[in-house]
Structure formats: structure tokens, C-alpha cells
1. Assuming LEU147 fulfils every condition listed in (1) at pLDDT 85 or above; (2) surrounded by 12 or more Cβ atoms within 10 Å (Cβ to Cβ) apart from one, which condition is it?
2. So which residues in the stretch 9-30 are surrounded by 10 or more Cβ atoms within 10 Å (Cβ to Cβ), within 28 Å of the chain's Cα centre (by Cα) and part of a helix (DSSP H, G or I), if there are any at all?
3. Within the stretch 128-151, how many residues turn out to be under 11 Å from VAL76 (Cβ atoms) and in a loop (DSSP other than H, G, I, E, B)?
4. Looking at the stretch 106-127, which of its residues are assigned to a strand (DSSP E or B), without any contact (Cβ under 8 Å) to a residue 60 or more places away in the chain and not hydroxyl-bearing (Ser, Thr, Tyr)?
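The values are calculated or read from the model by the stated rules, or taken from the named source; none is laboratory data. Computed from a predicted model, the values in this text were never measured in an experiment. Here Cβ is always computed from backbone atoms with ideal geometry, including for glycine, and neighbour counts include all displayed protein chains. Heads up: the accessible areas ignore ligands, DNA and RNA and are worked out on the full protein's heavy atoms, side chains in. Shrake-Rupley method; radii C 1.70, N 1.55, O 1.52, S 1.80 Å.
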Amino acid sequence: MASLYASLRSLLPLHFIQGKRSTSDQVNEAVNYIKYLQRKNKELSSRRDELMLLSRGSFLNDCKDDMKMMNNHVVVRQCLVGVEIVFSSRCCNGQPRLSSVLQVLSENALCLVNSISSIVDDRLIYTIHAEVSNMALVDLAELEERLIRMK
């Protein structure tokens with residue numbers, strides 16, 4: 001049993017097993033770690049599904065207004081650095097360029113940290129992380145709406 005507990009302890013990250021703890025504490029921390037991994041798995045699955053929807057253009061509903069915006073999809077949310085923006089558009093002329101998106105970020109006092117771009121089918125997807133000095137000054141819904149309406 002002692003070797004099994006030692007094996008279990010070796011699989012846990014250090015912040016879950018700080019200091020010398022009893023065997024029951026180690027098992028409890030293993031349970032906490034498993035729950036943490038399950039939550040993280042759900043979050044990542046949800047994010048994957050969201051990105052898949054973005055890449056396929058499935059954010060559209062029956063509204064005529066949405067049909068006008070058929071080629072642009074934007075998700076803006078708070079993240080550790082400040083703001084994460086996932087921007088997807090069809091790879092064709094007349095669509096907003098990355099420089100236009102960066103201009104909007106600059107006008108909203110957001111500083112680019114990194115940008116990742118990829119092409120899926122006929123869609124160009126950008127994931128942008130921007131640093132924010134004061135989150136209270138940024139209206140995420142307004143920023144998202146502005147990026148959606150951008151031409």
C-alpha cells in the first residue's frame with residue numbers, strides 16, 4: 001500500500017501536495033486534482049466546439065441581419081492576460097483585414113500580446129490575446145459588436 005500511495009503522490013502536481021501530509025490528505029488531493037482535470041477537460045471541449053462552430057459558420061440563425069454578417073464571426077471574452085478575441089472570416093476579398101482588427105484594439109486601449117492565425121476550409125481564423133491595463137474601461141460586448149460590424 002505504501003508504494004501505491006507513493007506512486008499516487010508522484011502523479012500529483014506539487015501545488016496539490018505541498019508539505020508532508022497524511023495518506024488520507026494525499027488521497028483527498030488526488031480526488032481534487034481529478035475533479036480539476038475534469039473541469040478543465042469540459043472547458044477545453046467547450047472551447048473546441050465553439051471554434052468548430054466558428055470555422056463552419058454555424059453562428060448564423062434565421063435573422064436577415066445575421067445573413068449580412070455571414071462571413072464574419074467574433075467572440076470576445078476575458079482571459080488571464082486581458083482579452084481573448086477569436087475572429088473568423090471567409091477567405092475572400094472585402095473582408096476585414098487583421099490590420100483593421102488591430103486598429104480597433106488600439107482604439108480601445110488594448111495592447112496586442114500575441115496572434116495566431118489558421119485556415120480551416122475556406123475560413124481564416126485569428127485568435128488574438130490583448131493586454132488590458134484596466135478591465136473596467138473595456139466593454140467586451142461593445143468591442144465584439146464593433147468587430148462584427150466591421151467591413
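1. In the conditions (1) at pLDDT 85 or above; (2) surrounded by 12 or more Cβ atoms within 10 Å (Cβ to Cβ), LEU147 misses (1) alone.
2. Result: LEU11, PHE16, GLU29, ALA30.
3. Number satisfying all stated conditions: 2.
4. Result: LEU110, CYS111, LEU112, VAL113, ASN114, ILE116, ILE119, LEU124.
Per-residue answers, yes or no, for (1) open to solvent by 80 Å² or more (accessible area, probe 1.4 Å); (2) at pLDDT 80 or above:
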{"position": "TYR36", "(1), (2)": "yes, yes"}
{"position": "GLY57", "(1), (2)": "no, no"}
{"position": "ASN61", "(1), (2)": "yes, no"}
{"position": "HIS73", "(1), (2)": "no, no"}
{"position": "GLN103", "(1), (2)": "yes, yes"}
{"position": "ILE128", "(1), (2)": "no, yes"}
